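To start, the structure itself, in structure tokens.
The values are calculated or read from the model by the stated rules, or taken from the named source; none is laboratory data. Remember, it's a predicted structure, so these values are computed and weren't measured experimentally. As a convention, Cβ positions derive from the backbone with ideal geometry for all residues, glycine included, and neighbour counts pool all protein chains shown. Accessible surface is based on the protein model in full, side chains and every heavy atom, while ligands, DNA and RNA are left aside. Shrake-Rupley method; radii C 1.70, N 1.55, O 1.52, S 1.80 Å.
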Amino acid sequence: MHVVEIFELVLVLLVLVIALHWIALKLKLPPSTALLVGGGALAFVPGLPSISLNPELALVLFLPPLLMDGAYSTALGRFRRHLGGILSLAVGAVVFTTLVIGVVAHWLVPALPWAACFALGAIVSPPDAVSARAVLKGVHLPRRLTALLEGESLLNDASGLILFRFAVAATLSGVFNAGEAVQQFAVVAIGGVVVGAAVAAFWLMAVRRLKDGTLIVVATALLGWGAYLAGEAVHVSGVIATVTAGLALGWFQHEVFTAQVRLVGNSFQHVLVFILEALVFILIGFSLRGVVERLGGVGAVPVSMIWAVVGVVAAVVLSRFVWIFASDSVQALARQLGVARAKPLGWRQATVLGWTGMRGVVTLAVALTLPIDMPGRDLMLVCAFSVIFATVVIQGCSLGWLIRLVRPADTDPPAKMDMPATEGAMARARMAMVEKLAYDEDGTLIHPQLLEEYRKRMAFMDRYEADASAVMENLRPHFDVLLKGIAAAREELIRIHRAGAIEDEVLHELERDLDVEEMGITLQRGD
């Protein structure tokens, strides 16, 4: 395909993303579901070129920035507090699912070597960070579940990829050493942390010397790819390196970013993540055509393979429930024995957590990297796509319904301070500084109007802290008037510009001021 045709195809895909996302919003479906199904349906439209998802390019293009965004926005306090549960899911559940799928696959297809069966298990075992983020955007979960799912999605890809490499090597060589595998697993994981920390330290040193906001935003956007490629270059986990760098970014960005850089960077990152997530799902859908063509068409799929695929999909879903409920039972037993740190989820939260094992781009990309001479390669490809389709479409569409049915309670203890109390503390700190600077060295008041304005703000903040909901309800009409005033000012500014009375530079400067003012009011209004 000519390079211009490739560019045109990318533009067409972006238009399809917009259309399918709009349809999903209208039908109140998870956008990931609409993109996956829509891409799969469009792949078989006559005349459309065949689109293949290069597995190595898919991993390096999509995974690092999406992992980086997830790590950047992760609540680090809850991540540390629930690290045991996160590792149980990201490592324990992935290993357990790999073993279960290996046994089930060998039972259903006895001719398939054991190592190949476990390779299939490693392909479909890790829930996908992209799929989880896409589906969880439309639902509200207790804080502990959110922390577990976010943390799991950051780390389990690394577990799956490492297990996959061991299983493929064992299949092709016929040799497997469990002790050596565990040792290499530890080295790869710890090495990923070290590399990610080193790349983050280099980024931190660089952005502190960069003075231009645009350069800082670009350098930050490159951080995820840099950490991933550096990790892979020294043969450690690029996924863990990326997550480590992302956590460091989230921790230090408050110190190294100005307000303008943070606003511009977050806006850029939001658009980038939206495009990449959407393209991931639509390309997975388009990849269905290539999978079917490899098998010689839908009619060429043997019945035995269909039963094997159904068995693998069922085992993937059930094994997650078994691990989660078994782990929670251990927690409950430990709690009864007096272990204070043991905090079981309970059946409501465990049920929701068990139903959130969506698979995505990593599963398909890893399946596509299977060597041509790998035993059972076609079966693995069909299983990979079937697991993605079943988990994203069925679980993704029904997750909101399940949450409303089960109604998991938020059992995490609340933080010491809520938002009104925190805003009150910030207002008092600001007030103390204004009072200090409102007088000159000999005690003469030099900023009386500013001091009076901040005293009024502090009086309002005291009322807000005492009863935030009542104060905000009374303020909404006030904010509405301010927003209408800004709209009138913007309309007048545009009229003056179109009449030729001001230059474009004046238009852009004043419109930016109006935009910042409107954004501040909108955020205060709670929209």
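Of everything listed in (1) over 24 Å from ALA167 (Cβ atoms); (2) free of Cβ contacts under 8 Å to residues at least 40 places away in the same chain; (3) β-branched (Val, Ile, Thr), the single unmet condition for THR33 is (2).
Kindly indicate which of VAL199, VAL239 is under 23 Å from the mean Cα position of the chain (by Cα), modelled with pLDDT of 95 or more, assigned to a helix (DSSP H, G or I) and among the aliphatic types (A, V, I, L, M). Working first, answer last.
On the way: VAL239 fails: modelled with pLDDT of 95 or more.
So the residue among VAL199, VAL239 that is under 23 Å from the mean Cα position of the chain (by Cα), modelled with pLDDT of 95 or more, assigned to a helix (DSSP H, G or I) and among the aliphatic types (A, V, I, L, M) is VAL199.
Residues of region 46-75 that are within 14 Å of GLN269 (Cβ to Cβ) and open to solvent by 40 Å² or more (accessible area, probe 1.4 Å): TYR72, SER73.
Within the option set VAL312, VAL330, VAL322, VAL317, being exposed (fewer than 15 other Cβ atoms within 10 Å of the Cβ), on the phi < 0 side of the Ramachandran plot, in a helix (DSSP H, G or I) and at pLDDT 90 or above holds for one residue only, VAL330. MET374 meets each of the listed conditions (1) part of a loop (DSSP other than H, G, I, E, B); (2) open to solvent by 40 Å² or more (accessible area, probe 1.4 Å) apart from (2).
Does region 155-166 include one or more residues that are among the β-branched types (Val, Ile, Thr), assigned to a helix (DSSP H, G or I) and either over 23 Å from GLY70 (Cα atoms) or over 17 Å from the mean Cα position of the chain (by Cα) (or both)? The answer is yes, given that some residue of region 155-166 is among the β-branched types (Val, Ile, Thr), assigned to a helix (DSSP H, G or I) and either over 23 Å from GLY70 (Cα atoms) or over 17 Å from the mean Cα position of the chain (by Cα) (or both).
On the given criteria, is SER125 among the hydroxyl-bearing types (Ser, Thr, Tyr), modelled with pLDDT of 85 or more and more than 26 Å from ASP410 (Cα to Cα)? Judged against the criteria, SER125 is a match.
Restricted to region 351-371, and to residues there that are at pLDDT 85 or above and either farther than 26 Å from LEU66 by Cβ or touching a Phe, Trp or Tyr at 6+ places or on another chain (Cβ under 6 Å) (or both), the residue that is surrounded by the most Cβ atoms within 10 Å (Cβ to Cβ) is GLY354. For first residues located in region 255-283 and in contact (Cβ under 8 Å) with a residue 12 or more places away in the chain, partners that are outside any helix (DSSP H, G or I) and charged (D, E, K, R) and lie 6+ apart or on another chain with Cβ distances below 8 Å form the pairs VAL256/ARG208. Among the residues making up region 333-350, those that are open to solvent by less than 100 Å² (accessible area, probe 1.4 Å), within 21 Å of ASP410 (Cβ to Cβ) and part of a loop (DSSP other than H, G, I, E, B) are ALA340, ALA342, PRO344, LEU345, GLY346.
Output the residues belonging to region 472-513 that are within 22 Å of ARG457 (Cα to Cα) and not acidic (Asp, Glu). Answer for region 472-513, where residues must be within 22 Å of ARG457 (Cα to Cα) and not acidic (Asp, Glu): MET472, ASN474, LEU475, ARG476, PRO477, HIS478, PHE479, VAL481, LEU482, LEU483, GLY485, ILE486.
Restricted to region 249-267, and to residues there that are polar (S, T, N, Q) and in a helix (DSSP H, G or I), the residue that is surrounded by the most Cβ atoms within 10 Å (Cβ to Cβ) is GLN253. Are any of the residues in region 449-458 surrounded by 12 or more Cβ atoms within 10 Å (Cβ to Cβ) and touching a strand residue (DSSP E or B) at 6+ places or on another chain (Cβ under 9 Å)? Yes, region 449-458 contains at least one residue that is surrounded by 12 or more Cβ atoms within 10 Å (Cβ to Cβ) and touching a strand residue (DSSP E or B) at 6+ places or on another chain (Cβ under 9 Å).
Listed by first and then second residue, the pairs with beta-carbon distance under 8 Å, at least 6 apart or on different chains, first residue in region 156-181 and under 25 Å from LEU89 (Cα atoms) and of a type in the set (D, E, K, R), second surrounded by 15 or more Cβ atoms within 10 Å (Cβ to Cβ) and modelled with pLDDT under 70, are ASP157/ALA129. In summary, helices (runs of 4 or more DSSP H) completely within region 46-114 and bearing 3 or more residues that are more than 30 Å from PRO142 (Cα to Cα) and touching a Cys at 6+ places or on another chain (Cβ under 7 Å) occur at 94-108. So, in region 323-363, of the ones that are without any contact (Cβ under 8 Å) to a residue 24 or more places away in the chain and within 26 Å of the chain's Cα centre (by Cα), which residue ends up nearest to GLY400 (Cα to Cα)? Top of the filtered list is TRP347.
The sole residue among GLY396, GLY443 that is assigned to a loop (DSSP other than H, G, I, E, B), open to solvent by less than 90 Å² (accessible area, probe 1.4 Å) and not polar (S, T, N, Q) is GLY443. Among the residues of region 29-45, those identified as in a helix (DSSP H, G or I), buried (at least 17 other Cβ atoms within 10 Å of the Cβ) and of a type in the set (A, V, I, L, M, F, W, C) are ALA34, LEU35, LEU36, VAL37, LEU42. Residues in region 202-231 that are closer than 28 Å to LEU87 by Cβ, open to solvent by 60 Å² or more (accessible area, probe 1.4 Å) and not aromatic (Phe, Trp, Tyr): LEU229 alone.
Among the residues of region 336-371, the one identified as farther than 20 Å from THR146 by Cα and touching a Lys or Arg at 6+ places or on another chain (Cβ under 7 Å) is LEU370.
Screening the candidates PRO408, PRO420 for the property of being under 30 Å from GLY354 (Cβ atoms) and touching a residue at least 12 places away in the same chain (Cβ under 8 Å) yields one hit, PRO408. Here are some residues: ARG512, ARG463, ARG430. Which one is open to solvent by 90 Å² or more (accessible area, probe 1.4 Å), under 24 Å from ARG525 (Cα atoms), touching a residue at least 24 places away in the same chain (Cβ under 8 Å) and in a helix (DSSP H, G or I)? Among ARG512, ARG463, ARG430, only ARG430 is open to solvent by 90 Å² or more (accessible area, probe 1.4 Å), under 24 Å from ARG525 (Cα atoms), touching a residue at least 24 places away in the same chain (Cβ under 8 Å) and in a helix (DSSP H, G or I). Filter region 211-220 down to the residues that are closer than 30 Å to ILE162 by Cβ and in contact with a Gly (Cβ under 8 Å, 6 or more places away or on another chain) and list them by number. Selection gives THR220 alone.
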